[in-house]
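Have a look at the structure below before the remarks.
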Amino acid sequence: MVDGPPVTPDALAGRLLRSDGADSSDSDGSAPDSGPRVLAVAPPRPLIRAVIDRLGDDAPDGSVRLLLTSDGTAVFDEFLAASTAADAVAAGRLSVRVADAVRESVTVRPDAVFAHVAAGDDVLAATTTDAELLAAMRAKYGEAWAAADPYDVGVPGRTALLDSFAERWPDAAATLRDALDGASSLRRGDELDPVAACTLVAARHELLTMHLGEWAGDVGFSSRTEISRAKERLVAAGVVDTERIPDGVGRPRQRLVLADDELADVPAAALFDAARDRLDDR
């Protein structure tokens, strides 16, 4: 193997996913598929995210297989990564499986093997095109892939999420899309998690809490209970408020509104980070 200097995860992902190699067989030893086949085994988390981010609409079907340890799946606690991965899975460009028995961190391409290790924010990679080693690695990790358990990233794809939101609230959909595109992070378990973030968008457009909960359940994003809890957190923080809307007989409905008027004027791309700053400052 030839060692090289540390490179950014994005730069290495570009090398791993380049499509100029000819595949002679699939990574499990079966007949070749169209397009490149890449089997990434236990990559460092920054590299996982970089690979996922590159699996856009122009990536061929079956581009990447991610074979992760259970520790590596923590990358999907970040909603932006998980929803992007879910899009790629739905489009047939990505498959994810889990096997804790894997020990090496490598990527097997049709024409080369890359060994990689995290080096701070960058990744140190070594590469070989030795035919004998390549064949051995393809056989070894093809078997590991076949024996591994399929993994569900646990969230709907961002495309499905936005499309379903737009069907119900066309005026609010652009805000949600721009806010997601501009967000620095949306981690499950944080105070401003993905559910709270969507609740914030709903408040900016004065949607009914009940309707937001119905949408979240229908698309498989969250439950009415989670929406209610997110609303309560944002109300307690002084970011969101509610208005009672009389609806004849029965329990009045609640309309979500912004409690902080300044958030109404923040560009949508900066909305989540601005709300997070207010939550941190209280």
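Quick check on my filter: what residues within the range 104-118 are in a strand (DSSP E or B) and either in the same structural domain as V195 (by TED's automatic domain parsing) or touching a helix residue (DSSP H, G or I) at 6+ places or on another chain (Cβ under 8 Å) (or both)?
V106, T107, V108, V113, F114, H116, A118
Scanning the range 137-172 for residues that are over 15 Å from S95 (Cα atoms), more than 22 Å from the chain's Cα centre (by Cα) and crowded, with 20+ Cβ neighbours inside 10 Å yields a total of 2.
When V239 is tested against (1) closer than 18 Å to S164 by Cβ; (2) touching an Asp or Glu at 6+ places or on another chain (Cβ under 8 Å); (3) of a type in the set (V, I, T), only condition (1) is not met. Looking across R233, R204, one residue alone is of a type in the set (D, E, K, R), under 22 Å from A166 (Cα atoms) and either buried (at least 19 other Cβ atoms within 10 Å of the Cβ) or in the same structural domain as A174 (by TED's automatic domain parsing) (or both). It is R204.
Evaluation of A275 against the conditions (1) surrounded by fewer than 12 Cβ atoms within 10 Å (Cβ to Cβ); (2) touching a residue at least 60 places away in the same chain (Cβ under 8 Å) shows that the sole unmet condition is (1). Taken over the range 261-270, the criterion of being over 20 Å from L208 (Cβ atoms) and either touching a helix residue (DSSP H, G or I) at 6+ places or on another chain (Cβ under 6 Å) or surrounded by 11 or more Cβ atoms within 10 Å (Cβ to Cβ) (or both) is satisfied by V266, P267, A268, A269, A270.
Take A125 and decide whether it is of a type outside the set (S, T, N, Q), touching a Phe, Trp or Tyr at 6+ places or on another chain (Cβ under 6 Å), assigned by TED's automatic domain parsing to the domain that holds G14 and crowded, with 17+ Cβ neighbours inside 10 Å. For A125, the condition - of a type outside the set (S, T, N, Q), touching a Phe, Trp or Tyr at 6+ places or on another chain (Cβ under 6 Å), assigned by TED's automatic domain parsing to the domain that holds G14 and crowded, with 17+ Cβ neighbours inside 10 Å - is met.
The values are calculated or read from the model by the stated rules, or taken from the named source; none is laboratory data. Predicted model only: the values in this text are computed from it and were never measured. Note that we place each Cβ from the backbone using ideal geometry, even for glycine, and neighbour counts take in every protein chain shown.
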